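One structure is given below, encoded as structure tokens.
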Amino acid sequence: MDNKPVILIVEDEEGIANFISAVLKANEYKIIKTDKGKEAIAMTASYSPDLVLLDLGLPDMDGVDVLKTIRAWSAIPIIVVSARGHEREKVEALDLGADDYITKPFGTSELLARIRTGLRHSQKNSDVNSAEIKKITVGELEIDYDKRLVSISGEPVHLTPIEYKIIVLLSRHIGKVLTHDFIIKEVWGPYTNEIQALRVNMANIRRKLEKNPAAPRYIVTHVGVGYRMVEELD
Amino acid sequence: MVDFGDNRPNPDDILEDLSADSVNKKGRLEIFFGYAAGVGKTYAMLDDAQEQMKCGVDVLVGYIEQHTRPETIQLMGDLPMLAPKIVEYRNMQLKEFDLDAALKRKPELILVDELAHTNAPGMRNKKRYQDIEELLNAGIDVFTTVNVQHIESLNDIVEKITLVNVQETIPDYIFNNADKIKLIDIEPEELLIRFASGKVYRQERTEKALENFFTKENLRLLREIAMRKVANRISYDNQNEPRLSPKMANIKLLVCVGASPFSAKCIRWTERTAEAFQAPWTAVYVETMESEQLTDQEKQNLRENLVLAERLGAEIVTLNGSDVATVIAEYAKLSGITNIVIGKSRTPKTVFSLFKTSLEDRLIGMLSSIEVHIIPGNTLHHRPAQYRKQRRRLGRNLSFSRTDALKTAAILIAATLFSLVIHNLGIGTPNIIMVYLLSVLVVSRMTMGYVYGVAASVLSVLVFNFFFTVPYYTFHAIQKDYPVTFFIMLIVALITSALTVRIKTQARFAVERAHRTEILYEINKKLLASNDLEGTVRLVNEYLVKIFGRSAILYTQDPFASLAETFRQSPLEPDSAFLLSEDERAVAHWVFMNKKSAGTGSDTLMGARAFYMPIVSQSHVLGVIGLSCTNGKLSQDSRLFLRVIASQIEIALERHHLSNEQRRVTIEAEKEKMRSNLLRAISHDLRTPLTGILGASSTILENGDFLDAETRKTLLLNIQDESQWLIRMVENLLSVTRISDGPMKVTKTPEAAEEIIAEAVSRIHKWFSNWKISVKVPDELLMVPMEGTLIEQVIINLIENAIKHSPEDSVIRVEATKKGRNAVFEISDDGSGISELEFPYLFEAYVPDEKRSADTARGMGIGLSICKSIVNAHHGKMEAVNKKSGGAVFRFILPLEEGENNGQ
């Protein structure tokens, strides 16, 4: 028996499914494939794969419904595959519990990186309670939760309480895209629409953390979707 | 992607057209026509309905009269029946046809008995035939029944035969326009037998009905009339093509309408004649000085007569003038009238009538080529009424006005004083007579009506006699010739006063007429000058309020479909906001759907508080005018004038519709042109990379074993590059489809410029890692209203363009700055710059081949043109310049006016 992670590919385009499975096999993953939403749900239940790669455009049912059904009973990492220009679809999928998304057309390196992040997350979640993590480090950025301190190259950064809240939120979900709505709800509470405030705060955080705010390294923008704190610098 | 199927008719559109057709389709009307009650109309109707139901038609019995015979009720069998509407009226419960329920139920065929029935007060329509018209408009077929005596144009003939005045009539057009007439006929003898056995009316009513109506003689005559009416219709149907001789077709009738109730007879006579000749006819009313003095009853009669003529299909004309004969003669000559119909009362000859030439004689004298028909009036009937009227009119003329009396007295006293002065100066009596004549003239001029003029005439003769004839200060006259003087003086004074009053009245008419013409001209001119619908509507409302002194409302669409009405309050009325209420809107909606006037003063929806008139253009309704009736009903005259104005509005609205249509067609053509240009450009651009991919992949597949690793890698890299180019192209095309519906479709939200630039740069960096991209944004957060993904596309395209034109390892600079109320984005490179040849076509999607620069490596294709369309859609500006130090700068500017929110 080998310990290769099992990846379920739900994709109705044969060409794309072929290329993804080729790449993943070459990178030491075990593959199961389907092109139907109902089968995907059944296979998730019976094989319990380590990660699901879910295309939102399926012939038999809406990919979003597949996502909802699986999320109802499983916390398995799900990466949604969607076309560019469908920002609303992505936001909906993320808000419904998708862990990440990848935009068609994508390159192999990008795909592998996302899968790695997704798998790591699920392990982390099962191994240790995320609240027990005391410190997080990305490149020169260091966040110490106990001391409530954010520093860059050892220099402490002065943040307002809201800015700190946002950074902590992003770092707790490091590697994952957080939608605008999600961040707003977590930071300002429900029933508010502070999208402008969020943008302003993000701009300030960027100016405090990044060398060039127009070429951010730690917190990247996904236009029309949300923000993500990167796990590893390029 | 681009929609290739646009030129083909869209199946949805066709379906929509079809359904629109079926909505517009009018129902068919079938009338079961009989000559008297009891001939079996209802029976025949139900029989036919049963037949229809067997054929699978959805039949509904809308209403069947209560006195229906048992045999008939039996025949109803299992036909579904609509419950009648119960209306309370003076403590009676009346059963009425429930129109709204029928419209809601919408069967294919509905049976409604008694077409001529008058609805109980409080129903929407006054008459049942109006209900039926609504059913037909809703596309429901209708079966109905009617007897010959209810036909409007035959009403008086039937009355003459049977001596029974039938109140319930239907206009002839209903009968004439019916799709099918079924004559139900039995022998009069048989009908009488049926009748005697109580099959027609229930026993208690039989006696009375028999006496009045059901005599053998009457029935025969009625039968003949009914058959002739149907025969006329058949012969009319046979003349589908106009086979009339030109002479026949040229017949045009004119009927003179007055306030007398017997004008109606003339109108009906004319209608029958016109129908027989298939000729158009006009009803003319001449407004003279006497019209001012009509009693209310007469005004009401006149209005009814004109309404009757209109209902029978006449063109209504109101003329002004003092002399009826001249006015009619002029009008007849001008509008090519061939026959004139006038009524003549058999009034007993009086001394006065000896001096007066009758109207018909004068007309015949003036119009040698026009035939004049004289219809005798029934004096017996109307004599007492006439007398009463005359007395009332006299009373009206003698109505006492204190100011006028004072004026008369003052003028006469002044004249007398003046005369006394000149008399004392020894100036002769002829001059004094002149002074008095002058005073009579002044009195007539300054007072209303004949009374004061006549009084002044008599008084001045008396005063002259008293003061200035020997013996003075008595009414005796010594000289023998004085009575002659008095007589002539009286006559002259009377004529003077009569003439003055006439001139005055005419002047007033002339002013009124001129005023109306002027208003019409003004409206016409202004409507022509107004270019937008809004302006036209505002203008119309303004004028309606000004002319009629009533609050006005104008709908230019179905009042239910949109809330886009314009309302204007008249200063002469209390608050008229009720025009905007839901109930009034429903009336306007009815008018819009049924193309008929309704509201106060009409026959339909009389409960409304305003009068509504549709603006109809060639069968479709362009709008509805509503005039508030808080201050009383609109007069017939005002309605006619409103109609004239409505026709002006119709022209103006029609013009707008046409120009809108024109504009739409132009835009559509423009779009089509753009689309085909784009398609041409795309296919040109796509061919190159596809050829490359196909070539490289087939090379590897076919000759893979003979290729060295290096070559194979190059070929694979080529495939990758070309595919990436294709993907970028497709994303550009996606952006185009998002904005091709017009600039209104861009949904702007404030976005941070740096976030957009950052994402664009990170995406382009994945493809072109050999070029350095330096980005600069202001320290203050720059929020720009935009559609983020589209602007990101613009930046990507511009950076890609810069990369294409600059050597590897060179630096591309991207910079965003805030300048005044604009955000400026600049992408500059150190490359070759833009060649002179390319400048004019830089942002064009499709460049004619001969103008295309030799630099095919550009490969941007439609990229730059898409940038420009996106920026334009954001109401921004786009420009490109060459730097002095070499290289090009592409710049686009987006306005910040919405959601300006910089920094904290």
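The values are calculated or read from the model by the stated rules, or taken from the named source; none is laboratory data. Bear in mind the structure is a predicted one, so any value in this text is a computation, not a measurement. So basically every Cβ, Gly included, is an ideal-geometry build from the backbone, and we count neighbours across all protein chains shown. Side chains are part of the model used for accessible areas, which takes the heavy atoms of the whole protein and leaves out ligands, DNA and RNA. Shrake-Rupley method; radii C 1.70, N 1.55, O 1.52, S 1.80 Å.
Quick check on region B:443-462. Is at least one of its residues open to solvent by less than 40 Å² (accessible area, probe 1.4 Å), within 16 Å of B:Asp404 (Cβ to Cβ), modelled with pLDDT under 75 and not assigned by TED's automatic domain parsing to the domain that holds B:Glu287?
Scanning region B:443-462, I find at least one residue that is open to solvent by less than 40 Å² (accessible area, probe 1.4 Å), within 16 Å of B:Asp404 (Cβ to Cβ), modelled with pLDDT under 75 and not assigned by TED's automatic domain parsing to the domain that holds B:Glu287, so the answer is yes.
Taking the stated definitions as given, is A:Val157 within 12 Å of another protein chain (Cβ to nearest Cβ) and either open to solvent by less than 50 Å² (accessible area, probe 1.4 Å) or touching a His at 6+ places or on another chain (Cβ under 6 Å) (or both)? Before the answer, list the steps.
Working: within 12 Å of another protein chain (Cβ to nearest Cβ): no; either open to solvent by less than 50 Å² (accessible area, probe 1.4 Å) or touching a His at 6+ places or on another chain (Cβ under 6 Å) (or both): yes.
Spelling it out, it is not the case that A:Val157 is within 12 Å of another protein chain (Cβ to nearest Cβ) and either open to solvent by less than 50 Å² (accessible area, probe 1.4 Å) or touching a His at 6+ places or on another chain (Cβ under 6 Å) (or both).
Any residue that is within 13 Å of chain B (Cβ to nearest Cβ) and under 30 Å from B:Lys766 (Cα atoms) - is there at least one of those in region A:93-100? Outline the logic, then answer.
Taking region A:93-100 and keeping what is within 13 Å of chain B (Cβ to nearest Cβ), we get none.
No; the residues of region A:93-100 include none that is within 13 Å of chain B (Cβ to nearest Cβ) and under 30 Å from B:Lys766 (Cα atoms).
Checking the structure you have, find out if any residue of region A:123-133 is in a helix (DSSP H, G or I), modelled with pLDDT under 85 and touching an Asp or Glu at 6+ places or on another chain (Cβ under 7 Å).
Of all residues in region A:123-133, those in a helix (DSSP H, G or I) come to A:123-127, A:130-132.
If we keep only those that are modelled with pLDDT under 85 too, we end up with A:123-127, A:130-132.
Now restrict to residues that are touching an Asp or Glu at 6+ places or on another chain (Cβ under 7 Å): none.
No: region A:123-133 contains no residue that is in a helix (DSSP H, G or I), modelled with pLDDT under 85 and touching an Asp or Glu at 6+ places or on another chain (Cβ under 7 Å).
Tell me which residues, restricted to region B:256-273, are over 19 Å from B:Lys229 (Cα atoms) and polar (S, T, N, Q).
Within region B:256-273, B:Ser260, B:Ser263 meet the criteria.
Which one of these is farther than 25 Å from B:Ala802 by Cα and more than 60 Å from the chain's Cα centre (by Cα): B:Ser723, B:Ser698? Give the derivation first.
Numbers: B:Ser723 fails: farther than 25 Å from B:Ala802 by Cα.
Sole residue among the options that is farther than 25 Å from B:Ala802 by Cα and more than 60 Å from the chain's Cα centre (by Cα): B:Ser698.
Output the residue which, of all residues in region B:772-821 that are surrounded by fewer than 17 Cβ atoms within 10 Å (Cβ to Cβ) and not in a loop (DSSP other than H, G, I, E, B), is farthest from the other protein chains (Cβ to nearest Cβ).
B:Lys819
Does B:Phe706 satisfy the condition of being among the aromatic types (Phe, Trp, Tyr), out of contact with any Phe, Trp or Tyr (no Cβ under 6 Å at 6 or more places or on another chain) and more than 14 Å from chain A (Cβ to nearest Cβ)?
Working: among the aromatic types (Phe, Trp, Tyr): yes; out of contact with any Phe, Trp or Tyr (no Cβ under 6 Å at 6 or more places or on another chain): yes; more than 14 Å from chain A (Cβ to nearest Cβ): yes.
Yes, satisfied.
Take B:Ala498 and tell me if it is assigned to a helix (DSSP H, G or I) and either more than 30 Å from B:Leu462 (Cβ to Cβ) or in contact with a His (Cβ under 7 Å, 6 or more places away or on another chain) (or both). Can you show your working first?
Working: assigned to a helix (DSSP H, G or I): yes; either more than 30 Å from B:Leu462 (Cβ to Cβ) or in contact with a His (Cβ under 7 Å, 6 or more places away or on another chain) (or both): no.
No.
Go over the candidates B:Leu115, B:Leu103, B:Leu99 one by one and state the one that is surrounded by fewer than 20 Cβ atoms within 10 Å (Cβ to Cβ) and not charged (D, E, K, R). Steps first, please.
Numbers: B:Leu115 fails: surrounded by fewer than 20 Cβ atoms within 10 Å (Cβ to Cβ); B:Leu99 fails: surrounded by fewer than 20 Cβ atoms within 10 Å (Cβ to Cβ).
Unique residue meeting the criteria: B:Leu103.
Identify, by number, the condition in (1) open to solvent by 10 Å² or more (accessible area, probe 1.4 Å); (2) under 25 Å from A:Thr103 (Cα atoms); (3) within 13 Å of chain A (Cβ to nearest Cβ); (4) more than 58 Å from the chain's Cα centre (by Cα) that B:Ile764 doesn't meet.
It is condition (1) that B:Ile764 fails.
Would you tally the residues in region A:81-107 being farther than 18 Å from A:Thr221 by Cα, without any contact (Cβ under 8 Å) to a residue 40 or more places away in the chain and surrounded by 18 or more Cβ atoms within 10 Å (Cβ to Cβ)?
Residues flagged as farther than 18 Å from A:Thr221 by Cα, without any contact (Cβ under 8 Å) to a residue 40 or more places away in the chain and surrounded by 18 or more Cβ atoms within 10 Å (Cβ to Cβ) within region A:81-107 amount to 0.
Determine which member of the set A:Thr192, A:Thr179, A:Thr117 is away from every other protein chain (no Cβ under 14 Å), open to solvent by 50 Å² or more (accessible area, probe 1.4 Å) and under 22 Å from A:Leu94 (Cβ atoms). Spell out the reasoning first.
On the way: A:Thr179 fails: open to solvent by 50 Å² or more (accessible area, probe 1.4 Å); A:Thr117 fails: open to solvent by 50 Å² or more (accessible area, probe 1.4 Å).
Of A:Thr192, A:Thr179, A:Thr117, the one residue that is away from every other protein chain (no Cβ under 14 Å), open to solvent by 50 Å² or more (accessible area, probe 1.4 Å) and under 22 Å from A:Leu94 (Cβ atoms) is A:Thr192.
Can you name every residue in region A:211-222 that is out of contact with any strand residue (DSSP E or B) (no Cβ under 8 Å at 6 or more places or on another chain) and surrounded by fewer than 20 Cβ atoms within 10 Å (Cβ to Cβ)? Steps first, please.
Within region A:211-222, the first condition is being out of contact with any strand residue (DSSP E or B) (no Cβ under 8 Å at 6 or more places or on another chain), and the residues that meet it are A:211, A:213, A:216-217.
Across region A:211-222, the qualifying residues are A:Lys211, A:Arg217.
Somewhere in region B:665-672, is a residue in contact (Cβ under 8 Å) with a residue 40 or more places away in the chain and of a type in the set (Lys, Arg)?
yes
Please find, among B:Lys776, B:Lys748, B:Lys772, B:Lys766, the residue that is among the basic types (Lys, Arg), assigned by TED's automatic domain parsing to the domain that holds B:His805 and without any contact (Cβ under 8 Å) to a residue 40 or more places away in the chain. If you could, list the steps in order and put the result at the bottom.
Working: B:Lys776 fails: without any contact (Cβ under 8 Å) to a residue 40 or more places away in the chain; B:Lys748 fails: without any contact (Cβ under 8 Å) to a residue 40 or more places away in the chain; B:Lys772 fails: without any contact (Cβ under 8 Å) to a residue 40 or more places away in the chain.
Answer to the selection: B:Lys766.
Looking at region A:160-176 only, could you name the residues that are more than 14 Å from chain B (Cβ to nearest Cβ) and more than 27 Å from A:Thr117 (Cβ to Cβ)?
Taking region A:160-176 first, the residues more than 14 Å from chain B (Cβ to nearest Cβ) are A:161, A:164-176.
Passing the criteria: only A:Pro161.
With the condition kept exactly as written, say whether any residue in region A:44-55 is open to solvent by 40 Å² or more (accessible area, probe 1.4 Å), aliphatic (A, V, I, L, M) and over 24 Å from A:His222 (Cα atoms). Write out each step before concluding.
First, the residues of region A:44-55 that are open to solvent by 40 Å² or more (accessible area, probe 1.4 Å): A:45-48, A:50.
Now drop any that are not aliphatic (A, V, I, L, M), which leaves A:45.
Now restrict to residues that are over 24 Å from A:His222 (Cα atoms): A:45.
Yes, because at least one residue in region A:44-55 is open to solvent by 40 Å² or more (accessible area, probe 1.4 Å), aliphatic (A, V, I, L, M) and over 24 Å from A:His222 (Cα atoms).
Find the strands (runs of 3 or more DSSP E) located wholly in region B:551-627 whose residues include 1 or more that are free of Cβ contacts under 8 Å to residues at least 24 places away in the same chain and over 26 Å from B:Arg311 (Cα atoms), and list them. Explain how you work it out, then say what you get.
Numbers: elements: B:552-555, B:565-568, B:610-617.
Ranges flagged: B:565-568.
Restricted to region A:195-220, and to residues that are in contact (Cβ under 8 Å) with a residue 12 or more places away in the chain and β-branched (Val, Ile, Thr), which residue is nearest to the other protein chains (Cβ to nearest Cβ)?
Per the criteria, the residue is A:Ile195.
Identify, please: which residue in region B:657-690 is β-branched (Val, Ile, Thr) and open to solvent by 90 Å² or more (accessible area, probe 1.4 Å) and is, among those, modelled with the highest pLDDT? Show your work before the answer.
Of all residues in region B:657-690, those β-branched (Val, Ile, Thr) come to B:665-667, B:682, B:688.
Narrowing further to those that are open to solvent by 90 Å² or more (accessible area, probe 1.4 Å): B:667, B:688.
Numbers: B:Ile667: 82, B:Thr688: 78.
It comes out as B:Ile667.
If you go through region B:744-756 one residue at a time, do you hit one that is more than 9 Å from chain A (Cβ to nearest Cβ), more than 30 Å from B:Asn718 (Cβ to Cβ), part of a helix (DSSP H, G or I) and open to solvent by 10 Å² or more (accessible area, probe 1.4 Å)? Write out each step before concluding.
Residues of region B:744-756 more than 9 Å from chain A (Cβ to nearest Cβ): B:744-748.
In the following step, the residues that additionally are more than 30 Å from B:Asn718 (Cβ to Cβ) were identified as B:744-748.
Then keep just the ones that are part of a helix (DSSP H, G or I); that gives B:744-745.
Pick out the ones that are also open to solvent by 10 Å² or more (accessible area, probe 1.4 Å) and you get B:744-745.
Yes; the residues of region B:744-756 include at least one that is more than 9 Å from chain A (Cβ to nearest Cβ), more than 30 Å from B:Asn718 (Cβ to Cβ), part of a helix (DSSP H, G or I) and open to solvent by 10 Å² or more (accessible area, probe 1.4 Å).
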